[in-house]
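The values are calculated or read from the model by the stated rules, or taken from the named source; none is laboratory data. Worth saying up front: this structure is predicted, and the values here are computed from it rather than measured. Cβ placement follows ideal geometry from the backbone for every residue including glycine, while neighbour counts extend to all protein chains displayed. Ligands, DNA and RNA are stripped out before the accessible areas are found, and what is left, the full protein with its side chains, is counted by its heavy atoms. Shrake-Rupley method; radii C 1.70, N 1.55, O 1.52, S 1.80 Å.
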Amino acid sequence: MKKLKYRFALLVFLIGAQLAHIVASVVMIAAIFNAHPRGRRVAIGYDQLGNVATGGSEDETISSRAGRGTREGRVIWCLLCKMLDWIEENHCEDSLGQ
């Protein structure tokens, strides 16, 4: 019975998360057109979500994880940091301090 309650709770949370995703997407679109500061915070939230979904910590962004991986010489993270550096110079390195 506990497993059933847990699964039901996850389903309810999933529905809520999908609604939050819709709202967050609207905020992101608005931020693209008027540079609203909330857009950056929503983007960081998505970044953390992506990190958790790929096995990382919920308190860390993919950028900081990639920065640590680059320092350790892991090729895939080095490639990701090079791509992010094209968008913003020293992005992964700067994200390590946040």
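Against the list (1) part of a loop (DSSP other than H, G, I, E, B); (2) open to solvent by 40 Å² or more (accessible area, probe 1.4 Å), the condition residue 15 fails is (1). If you go through region 42-98 and pick out every residue that is open to solvent by less than 50 Å² (accessible area, probe 1.4 Å), closer than 25 Å to residue 24 by Cβ, assigned to a helix (DSSP H, G or I) and out of contact with any Phe, Trp or Tyr (no Cβ under 6 Å at 6 or more places or on another chain), you end up with 16. Taking region 1-32 as the range and being modelled with pLDDT under 90 and either more than 30 Å from residue 88 (Cβ to Cβ) or aromatic (Phe, Trp, Tyr) (or both) as the test, the residues that pass are 1, 2, 3, 4.
From the residues in region 4-31 that are touching a helix residue (DSSP H, G or I) at 6+ places or on another chain (Cβ under 8 Å) and of a type outside the set (Val, Ile, Thr), which one is farthest from residue 44 (Cα to Cα)? Reasoning before the result, please.
Initially, region 4-31 is screened for residues touching a helix residue (DSSP H, G or I) at 6+ places or on another chain (Cβ under 8 Å), giving 24, 27-28, 30-31.
Then keep just the ones that are of a type outside the set (Val, Ile, Thr); that gives 24, 28, 30-31.
On the way: 24: 11, 28: 11, 30: 16, 31: 13 Å.
Going through the qualifying residues, I end up with 30.
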